[in-house]
Each structure stands twice: as C-alpha cells, then as structure tokens.
Amino acid sequence: MGSWRITLRFAWRNLWRNHRRTLIMLAAIVVGTWAMIFMTALMRGMVDEMVQDGVSVLPGHVQIHHPDYRDDPTVVNRIAPPTGDLLEVLNRPEVVAWTTRVRVPAVISSERDTRGVTLIGTDPEGEQAISFVADDLVEGRFLESRHDKGVVVGRKLVERLETDLGKRVVIMSQDGENEIADRGFRIVGIFESKLDQYEEGFVFAAEGTVQELLGMGDEISEIAILGTDYRNVEDLDRMVAQAAGPEMEVLPWQELDAYLGSMLAVMDGFVFVWIVVVFLALSFGLVNTLVMAVFERVREIGLMLALGMTPKNILSQVVLESILLLAIGLAFGNLLAWASIEPLKDGIDVSVVGEGMEYFGAASVLYPALYLKDIILANVTVIVLGFLASLSPAWRASRYDPVEAITKV
Amino acid sequence: MSIGFRLAWRNLWRRKRRTWLTVGAMVFSNILLVFMISLQVGMYAMMISNTLRAQTAHLQVQAPGYKDDFKIRQVVPAIETLAAEIRQGLETDQVAARAGAFALASSADRSYGIQITGVEPEYEARVSSLPGQIQEGRFLGDMMAPEIVIGSTLARNLKVGVGDELTILGSGRDGSMAAAVVGIVGVFESGMPDLDRGFAEVPLGYFQDTFTMEGAGHAIAILAPSLMQVGAFQTRVEGLLPPNADLAVHDWDALLPGLKQAIQADFASAWFMYAILIVLVAFSVLNTQLMSVLERTKEFGIIMSLGVTPRRLGRLVLLETALMGFVGLLLGMALGAVLILWLHQHGFSYPGMEEMAGKFNLPSRIYPELSVVGLFVGPTIVLFSSVVAALYPALRLRWMEPVQAMRAA
C-alpha cells in the first residue's frame with residue numbers, strides 16, 4: 001500500500017517538472033475531449049429530434065397492417081378492427097396508447113387546384129394520444145367524433161389549394177370495388193408541422209366518414225401503437241405480433257421508416273468512430289510526451305533501479321503519470337463540454353440551412369442531447385486506450401540496465 | 001544546399017523517435033483528411049448531378065411564382081416557340097419545354113394521385129436522365145400520341161405494365177374537368193423513390209390538348225455544359241426572352257434550395273471535425289518543437305554568442321517544422337492516394353448506408369475519385385497550421401540571453 005502512495009507521489013511530481021509540456025498536452029486532451037462530447041451531443045440531438053418527430057408524426061412505435069399493405073397501400077388491403085386477444089394486449093399497461101386508422105392515397109381538389117395526398121381517417125380520441133396533429137393545430141378545431149364531416153389539413157396545402165378554413169374541398173379516392181368515390185368536406189382545422197412535407201402531404205378526416213365513403217364497413221388500414229420508449233420496442237413488437245397472429249404484419253417503426261431506423265443505428269457507430277479518431281490524433285502527442293519524459297530521466301531511472309526499485313515500480317510510475325495527465329484532461333474536457341452545451345439547451349437556430357436540414361429530415365432548430373452513455377464511452381475509451389498507448393514507453397523505461405543508464409550522458 | 005537547410009534536416013533526425021511520432025500524427029490526419037474530403041467532394045458532385053439530371057436541370061424559365069406554388073394557371077405562353085428560340089439563341093439542344101399537373105391515374109384495379117408532366121419527346125432526353133432509365137418498353141415518340149411512361153413503383157402499385165391503359169382525371173387550366181385514356185408505352189426506374197412512385201410523362205402536345213393549355217406550358221428546362229457555366233447561361237437566357245414577357249429564369253439553387261443547404265450543413269459539420277483534428281496535430285507539433293528548443297538551450301546559447309542572430313535561429317526552428325510537415329504531407333498524400341485508388345476500385349460502404357443513400361440520390365456503394373482538391377486541401381492546411389504552431393517556440397528564442405542560456409544545465 002505504501003509503495004503505491006510513493007508511486008503516485010512520484011508520478012504527480014514528475015508530471016509538473018516540465019509544466020509547459022504538461023500544460024500543452026493537457027490543452028490538447030481538453031480540446032479533444034470537448035470535441036468528442038460536444039460533437040456527439042449535437043449529432044445525437046439532431047437524430048433524436050428527427051426520430052421523435054418521425055415517430056410522432058404518424059407511425060407510432062409499432063404498427064399492424066395487412067401483409068400486402070406496405071407494398072400496395074390501398075383500401076383493398078384492409079384488416080378487421082382488433083378483437084379478442086389482440087384487443088386484450090392493446091389494453092395492457094405496456095401500451096401507452098393505440099388507435100386505428102384508414103390510410104389511403106387520395107386526390108384533394110379546391111376550386112383552384114388539385115393535389116395528391118395521403119388521406120387519413122382517424123379516430124379523433126385515439127389519434128390525439130399518438131400523433132402530432134392535435135397539438136399543432138393553429139386554426140379551427142380538430143375532428144370531434146368518428147363521424148365528423150370535416151377535414152383537417154396542413155397550412156402549406158391550404159396555400160397550395162388557395163382555400164381556407166370553412167371552405168369546401170373535394171376528396172377523391174378508390175373505394176373497395178375499385179370505383180372512384182368522392183365527397184365534399186369542409187375544412188374545420190389547419191395544422192402546422194416542423195416539416196413542410198407533412199403539411200403538404202397529409203389530410204385528416206374522421207374514420208367513420210372515410211369508411212362510409214370507401215364502403216369498407218368497420219374495417220381499417222392500420223393500427224398504430226405507442227409504447228413507453230421508442231428506443232426499445234422489441235418487446236412490444238413481439239407481444240403484439242403474438243396476439244395479432246400470422247395473418248397480420250406487425251412491424252416496429254425502424255422497419256416502417258428504414259431511413260430513420262438506419263439513422264439511429266448509424267449514429268451509434270459514428271459516435272464510436274469519432275471518439276476513437278480523436279483519441280488517435282491525441283495519442284501521438286501523448287506517446288511523444290511520455291517518451292520525452294522518460295528519455296530525459298534515463299539517469300535518474302537508472303539510479304532508482306540501482307537503489308532497489310523494481311522495474312514494476314518504474315513501469316507503474318510512468319503509466320500512472322500518463323493516467324493522471326489523461327484524468328485531469330478529461331475532467332476539464334468534460335466540464336468544458338458541459339459548460340458549452342448547457343447554454344445551448346434551448347436549441348441552436350440553423351434555419352439558415354433550414355431547407356437543407358429538411359433534406360435530412362431534420363427540423364431547423366438543433367437541440368444538443370448530452371447522454372451519460374456517450375460521456376462514459378468517451379471517458380472510458382480515452383483512459384483505456386491511453387493506458388495501452390503508455391505501456392510501450394513505460395515498458396522501455398522499466399527495462400533499462402541500471403549501470404548503463406546511470407553512466408549515460 | 002544551404003547551411004540552414006542542412007542544419008534543420010540534421011536537427012530533425014537527432015531524435016528519430018520523437019520526429020517520427022510527430023510526423024505520424026500528421027500522416028494520420030492527412031490520410032484521414034484526404035479520404036474524407038475526397039469522399040465528400042465526390043458525394044456532393046454526385047448528389048448535385050444525379051438530382052439535377054433527373055428533373056430539374058440547371059436552369060428553368062417559368063412564370064414568376066410557379067416554382068413555389070406550381071399552379072396550373074402560372075404558364076409560359078407559346079412555350080414550344082420560345083423553347084425553339086432559346087435553342088437557337090444558345091446554340092444547344094439541351095433545352096426542353098414542359099408542362100405539369102396533378103391528376104388521378106386509374107387502372108382497372110387501382111387509383112393513385114400522381115404528377116403528370118408533358119414533355120417534348122425529341123428534346124427531353126437531352127436535359128433529363130429519365131428517358132434513359134426506361135426499364136421496359138420505350139420512351140415517348142410522337143408529340144400528340146396518347147402515350148404515357150410511368151415510374152416502376154407506380155406501375156407495380158397500379159398493377160399495370162407496358163401495353164395497358166390508364167385513365168387520367170384532373171382539372172384543366174380553365175378549371176374544367178380534364179380526362180383522358182392513355183396507353184402505357186414505357187416504365188422507368190430512376191432509383192429516386194419520389195419519382196418512381198408518383199411521376200409520369202406524356203407528350204407535351206397531348207398534355208396541352210387534355211389540360212386545355214392552349215399552347216402554353218410551365219417550364220423550359222435548360223442544361224448548361226457544366227455547373228460553372230450556369231451563371232453565364234442564365235444571363236444569356238434572360239437576354240433571349242421577349243422584352244415584355246412576364247417570365248423568370250431560375251437557377252438550380254433557386255429551384256431546389258434544399259440541395260445546396262443540405263450540402264452546406266453537411267459541409268459545416270464536416271469542417272468542424274476536420275478543424276478539431278488539425279488543432280490536435282498542431283498541439284502535438286507545438287509540444288515537440290518546444291521540447292526540441294528547450295533541450296537545445298545550451299547549444300543555442302553557444303551559437304548565439306558566436307554571432308548568430310535570434311531571428312536566424314527562429315527561422316531554423318520554423319524550417320525544421322516545415323521540413324517535418326513536408327515529410328508528413330508527402331507520406332500522408334501518398335498513402336491517402338493509395339487508399340482512394342483502392343476504394344475507387346472496390347467501393348466504399350458502411351452498414352446502414354443503403355437506406356440513407358437513396359434519400360440523397362446516391363448509390364449504396366461509393367467509388368471515390370482522386371481529385372486535386374481532395375488530395376491537397378487537407379494536407380496543405382495541416383502543414384500550414386504546423387508551422388503556425390511552431391511560431392511560439394521560434395519566437396521564444398528572441399528573449400534568450402546567450403550567457404544565461406550557455407550556463408543552463
């Protein structure tokens with residue numbers, strides 16, 4: 001125990017013998033650590049926001065469809081509303097909310113213009129618990145019942161169609177018999193979304209009204225289910241799939257939106273690669289510093305060996321010196337990262353390139369997301385790899401022959 | 001070879017290990033920068049050209065406001081005559097007139113809302129890559145024929161193929177009902193989900209008849225010989241328009257603001273990472289050169305008392321750094337070039353890229369090209385910032401007292 005305290009004291013004092021060198025190296029480690037954590041927080045924030053928006057816009061965490069629906073999303077591929085086992089599972093506590101929808105391609109026309117859209121027949125009560133529309137309503141009201149005769153459309157679509165709240169639009173779609181069904185609707189609400197494509201692409205009507213229009217009885221296109229955590233949907237997926245049986249397709253959001261799903265997966269890889277790359281750039285300087293520190297103390301090391309210190313002592317001294325250096329650097333680096341992210345918590349406005357961010361599927365405000373697991377990953381990587389990098393100079397120092405080392409000029 | 005140069009070169013190799021470690025840091029960052037920048041430049045070029053070649057082209061002549069609203073009333077009158085005039089004025093065939101509308105396309109089994117574009121069969125292939133991506137059947141031929149080519153996903157969704165008929169239902173320029181029955185002559189696969197899912201082309205003359213366009217159209221797409229010449233072409237096209245016509249010429253950046261901004265956003269985040277790498281290398285160089293100056297205090301003292309000016313010694317230190325940087329530059333560029341050439345043969349991909357690439361009109365494997373920009377930019381900046389980092393140790397020499405320095409232990 002005593003020998004460890006001495007080793008620690010030696011390492012600490014050696015570190016500050018050449019304080020200029022140590023400070024420069026420290027600065028490099030601080031900058032490196034800061035960059036690891038700051039950059040990671042920005043990227044995480046962007047992807048989180050994208051996924052949350054994406055999930056809240058429509059999919060829910062898990063969806064049930066007719067097996068052919070995803071390839072051919074029409075009224076033909078419909079399913080019966082949940083009953084029996086499935087209904088029982090949907091009402092379990094693991095399910096935060098669920099809703100049924102009719103979701104079909106349609107054409108919407110005002111007196112002035114025509115657009116292709118996705119028509120969504122929703123159950124207003126269930127929908128409000130899951131998706132964004134009800135919250136982002138800026139004018140008018142949301143649908144009130146399953147048989148409401150109105151529609152809720154996006155702000156952008158209203159502009160495109162040159163129509164307005166209270167005006168009538170005609171919606172055309174294919175019914176169950178492959179005939180074109182159409183019907184006039186009054187616009188009762190207008191919503192806004194962070195992404196233009198949603199404002200332009202989705203039209204919400206009441207489920208019952210759409211079912212009647214398309215002659216589909218009480219059948220539906222999809223069931224959307226919201227679990228507790230979007231990162232962890234496998235259990236929910238399995239549970240629902242078991243209850244739904246083989247005639248229905250049950251898929252988690254990662255598979256429903258391959259882009260978002262792969263984005264989240266790629267991020268984990270990217271964070272790790274970024275941390276390792278920064279560390280490698282640092283490691284050359286770190287090894288160099290240690291090599292120099294050992295080299296200028298050759299005689300002294302020889303003397304210590306001659307006085308009876310074991311090579312193991314020398315080895316741990318040098319390694320400890322490196323670990324101390326890294327630990328101090330990490331401490332300040334983490335602090336700096338936290339201090340620079342904290343004031344940005346309210347979001348960074350990147351609307352200068354807003355339309356570009358929309359290309360990525362991201363909104364134009366970035367919220368950095370500081371994750372404990374990323375901070376731990378960065379710190380552990382630096383300490384572990386730093387330990388490995390310092391082994392070589394430490395090993396050399398411990399292998400000196402005392403007589404040769406002492407007499408070295 | 002001047003004495004200064006020889007001195008610097010020899011000094012560099014007095015501590016081989018240290019020099020190699022510092023050079024190693026440079027080589028590491030240089031290879032990484034060559035790789036990343038080459039990949040980036042290649043991807044941006046591909047994103048731009050794939051996206052522009054598909055539909056947008058470099059320039060479009062439109063009625064003011066059409067690019068934002070896409071209203072069928074916002075027309076370019078007598079569009080074929082104007083297109084012919086522009087063709088003549090620019091002395092190029094890469095000019096094609098178009099008209100567009102939303103419509104409901106129905107087959108025997110299915111109906112989907114799609115974007116229909118009327119094109120000049122003779123010229124469309126010269127500005128757009130779509131006619132070359134016909135997978136089945138052929139592209140349009142006669143200006144007035146009731147023919148249509150549709151995207152592959154749309155064909156699958158409508159359950160139709162070449163030889164089948166489609167019913168088109170939309171509203172004409174004057175608000176009247178536009179209806180037509182057209183024969184499918186070709187199916188294209190562009191690899192861009194939006195186009196493949198909801199896009200179709202018919203001959204311009206037939207489009208004008210069906211949608212009561214009275215000879216008008218919506219856009220004249222123009223391809224300049226290269227991206228660099230777009231600005232010059234824009235000015236020339238503006239000069240060719242009839243003096244009192246209410247028309248606007250938009251370049252691709254105005255037509256697709258998202259594309260350039262996406263590149264800018266990606267560019268900014270990439271340069272943040274590069275800057276961190278470069279700063280870390282600079283710290284490494286600073287540390288090495290400071291040590292190398294400090295350990296030569298005695299030697300420098302002697303040289304100074306022999307009459308060498310501090311200025312000259314400073315230059316020596318900078319020259320040493322520059323030489324070191326140069327070795328790093330050459331090695332980094334050579335190894336980076338080898339890496340790029342290898343990837344050029346074998347392609348580069350990472351897990352998850354396939355899902356993401358499609359969103360940006362990129363192939364799922366990237367074959368980077370060796371370019372001057374990719375090869376030189378990164379390493380040159382590393383070399384430059386290394387020399388800047390060595391300024392501090394070099395300038396320190398100014399305050400060195402020869403007598404004191406000689407006595408230094």
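The values are calculated or read from the model by the stated rules, or taken from the named source; none is laboratory data. What you see is a predicted model, and the numbers here were worked out from it, not measured in a lab. All Cβ positions, glycine included, derive from the backbone under ideal geometry; neighbour counts span all protein chains shown.
Out of (1) more than 14 Å from chain B (Cβ to nearest Cβ); (2) surrounded by fewer than 15 Cβ atoms within 10 Å (Cβ to Cβ), the odd one out for A:Leu305 is which?
A:Leu305 satisfies every listed condition except (2).
Can you work out which of the residues in segment B:109-120 that are crowded, with 22+ Cβ neighbours inside 10 Å and either of a type outside the set (S, T, N, Q) or at positive phi (or both) is farthest from the chain's Cα centre (by Cα)?
We begin by selecting, within segment B:109-120, every residue crowded, with 22+ Cβ neighbours inside 10 Å; these are B:111-114, B:116-120.
Pick out the ones that are also either of a type outside the set (S, T, N, Q) or at positive phi (or both) and you get B:112-114, B:116, B:118-120.
Values: B:Tyr112: 34, B:Gly113: 32, B:Ile114: 29, B:Ile116: 28, B:Gly118: 29, B:Val119: 27, B:Glu120: 29 Å.
It comes out as B:Tyr112.
I want to confirm something. Restricting to segment B:132-168 and keeping residues that are of a type in the set (Val, Ile, Thr) and within 10 Å of B:Val185 (Cβ to Cβ), which single residue is nearest to the chain's Cα centre (by Cα)?
Let us first name the residues in segment B:132-168 that are of a type in the set (Val, Ile, Thr), namely B:134, B:148-150, B:153, B:160, B:162, B:167-168.
When the remaining residues are screened for being within 10 Å of B:Val185 (Cβ to Cβ), the result is B:134, B:148-150, B:162.
On the way: B:Ile134: 26, B:Ile148: 32, B:Val149: 29, B:Ile150: 28, B:Val162: 36 Å.
This residue is B:Ile134.
Filter segment B:228-287 down to the residues that are surrounded by fewer than 17 Cβ atoms within 10 Å (Cβ to Cβ) and within 14 Å of chain A (Cβ to nearest Cβ) and list them by number.
Those that are surrounded by fewer than 17 Cβ atoms within 10 Å (Cβ to Cβ) and within 14 Å of chain A (Cβ to nearest Cβ): B:Asp253, B:Ala254, B:Gln264, B:Phe267, B:Ala268, B:Ser269, B:Ala270, B:Trp271, B:Phe272, B:Ala275.
Only one of A:Ile37, A:Ile24 is crowded, with 21+ Cβ neighbours inside 10 Å, within 28 Å of the chain's Cα centre (by Cα) and outside any loop (DSSP other than H, G, I, E, B). Can you tell me which?
A:Ile37
Name the single residue that is farthest from B:Ser190 (Cα to Cα) among those in segment B:109-131 being within 14 Å of another protein chain (Cβ to nearest Cβ) and part of a strand (DSSP E or B).
So in segment B:109-131, the residues within 14 Å of another protein chain (Cβ to nearest Cβ) come out as B:109-117.
From the residues that got through so far, the ones that are part of a strand (DSSP E or B) too are B:111-117.
Details: B:Ser111: 22, B:Tyr112: 19, B:Gly113: 19, B:Ile114: 16, B:Gln115: 15, B:Ile116: 16, B:Thr117: 16 Å.
For segment B:109-131, the residue satisfying everything is B:Ser111.
Report yes if some residue within segment B:303-319 is within 14 Å of another protein chain (Cβ to nearest Cβ), in a helix (DSSP H, G or I), exposed (fewer than 15 other Cβ atoms within 10 Å of the Cβ) and over 31 Å from the mean Cα position of the chain (by Cα); otherwise report no.
Residues of segment B:303-319 that are within 14 Å of another protein chain (Cβ to nearest Cβ), as a first pass: none.
The answer is no, given that none of the residues of segment B:303-319 is within 14 Å of another protein chain (Cβ to nearest Cβ), in a helix (DSSP H, G or I), exposed (fewer than 15 other Cβ atoms within 10 Å of the Cβ) and over 31 Å from the mean Cα position of the chain (by Cα).
Would you mind stating whether A:Gly60 is modelled with pLDDT under 85, within 14 Å of another protein chain (Cβ to nearest Cβ) and more than 17 Å from A:Glu219 (Cα to Cα)?
Working: modelled with pLDDT under 85: yes; within 14 Å of another protein chain (Cβ to nearest Cβ): no; more than 17 Å from A:Glu219 (Cα to Cα): yes.
Against the criterion (modelled with pLDDT under 85, within 14 Å of another protein chain (Cβ to nearest Cβ) and more than 17 Å from A:Glu219 (Cα to Cα)), A:Gly60 does not qualify.
Are any residues in segment A:257-274 of a type in the set (Phe, Trp, Tyr) and within 8 Å of chain B (Cβ to nearest Cβ), and if so, which ones?
Narrowing segment A:257-274 to residues of a type in the set (Phe, Trp, Tyr): A:259, A:270, A:272, A:274.
Selection gives A:Tyr259, A:Trp274.
Quick one: would you say B:Ser2 is among the hydroxyl-bearing types (Ser, Thr, Tyr) and at pLDDT 90 or above?
Working: among the hydroxyl-bearing types (Ser, Thr, Tyr): yes; at pLDDT 90 or above: no.
In short, no.
Somewhere in segment B:351-367, is a residue touching a His at 6+ places or on another chain (Cβ under 7 Å) and assigned to a loop (DSSP other than H, G, I, E, B)?
yes
Can you find, within segment A:17-47, the residue that is farthest from B:Val285 (Cα to Cα) among those that are facing chain B (nearest Cβ under 9 Å) and among the charged types (D, E, K, R)?
Ranking the qualifying residues of segment A:17-47, first place goes to A:Arg20.
What number of residues in segment A:272-286 are of a type in the set (A, V, I, L, M, F, W, C) and buried (at least 22 other Cβ atoms within 10 Å of the Cβ)?
Going residue by residue through segment A:272-286, those that are of a type in the set (A, V, I, L, M, F, W, C) are A:272-282, A:284, A:286.
Still in the running and buried (at least 22 other Cβ atoms within 10 Å of the Cβ): A:275, A:278-279, A:281-282, A:284, A:286.
Going through segment A:272-286 one residue at a time, the tally reaches 7.
Only residues that are loosely packed, with under 15 Cβ neighbours inside 10 Å and away from chain B (no Cβ under 14 Å): list them for segment A:174-193, please.
Within segment A:174-193, A:Gly184, A:Arg186 meet the criteria.
So which helices (runs of 4 or more DSSP H) are wholly in segment B:15-108 and hold at least 3 residues that are out of contact with any Leu (no Cβ under 6 Å at 6 or more places or on another chain) and surrounded by 19 or more Cβ atoms within 10 Å (Cβ to Cβ)?
Details: elements: B:16-51, B:66-69, B:79-90.
Helices (runs of 4 or more DSSP H) meeting the threshold: B:16-51, B:79-90.
Would you confirm, using the coordinates I've provided, whether A:Ala327 is farther than 30 Å from A:Ser193 by Cα, modelled with pLDDT of 85 or more, more than 14 Å from chain B (Cβ to nearest Cβ) and touching a helix residue (DSSP H, G or I) at 6+ places or on another chain (Cβ under 8 Å)? I'd like the intermediate steps shown before the answer.
On the way: farther than 30 Å from A:Ser193 by Cα: yes; modelled with pLDDT of 85 or more: yes; more than 14 Å from chain B (Cβ to nearest Cβ): yes; touching a helix residue (DSSP H, G or I) at 6+ places or on another chain (Cβ under 8 Å): yes.
So A:Ala327 fits the description; yes.
For the list (1) outside any helix (DSSP H, G or I); (2) surrounded by 19 or more Cβ atoms within 10 Å (Cβ to Cβ); (3) at pLDDT below 90, I need the number of the one condition that B:Ile220 fails.
(3)
(1) under 34 Å from the mean Cα position of the chain (by Cα); (2) on the phi < 0 side of the Ramachandran plot; (3) away from chain B (no Cβ under 14 Å): which one isn't true of A:Val277, the others all being true?
Answer for A:Val277: the failing condition is (3).
In the list B:Arg6, B:Arg73, B:Arg53, B:Arg10, which residue meets the criterion of being within 12 Å of chain A (Cβ to nearest Cβ) and either of a type in the set (Lys, Arg) or out of contact with any helix residue (DSSP H, G or I) (no Cβ under 6 Å at 6 or more places or on another chain) (or both)?
Among B:Arg6, B:Arg73, B:Arg53, B:Arg10, only B:Arg73 is within 12 Å of chain A (Cβ to nearest Cβ) and either of a type in the set (Lys, Arg) or out of contact with any helix residue (DSSP H, G or I) (no Cβ under 6 Å at 6 or more places or on another chain) (or both).
Where residues in segment B:274-298 are touching a residue at least 12 places away in the same chain (Cβ under 8 Å) and within 30 Å of A:Ala362 (Cβ to Cβ), which of them is farthest from the chain's Cα centre (by Cα)?
Filtering first and then ranking leaves B:Leu280.
Condition first: in contact (Cβ under 8 Å) with a residue 60 or more places away in the chain and either within 18 Å of B:Ser128 (Cα to Cα) or in contact with a Cys (Cβ under 7 Å, 6 or more places away or on another chain) (or both). Now tell me which residues in segment B:226-248 satisfy that.
B:Leu227, B:Val230, B:Phe233
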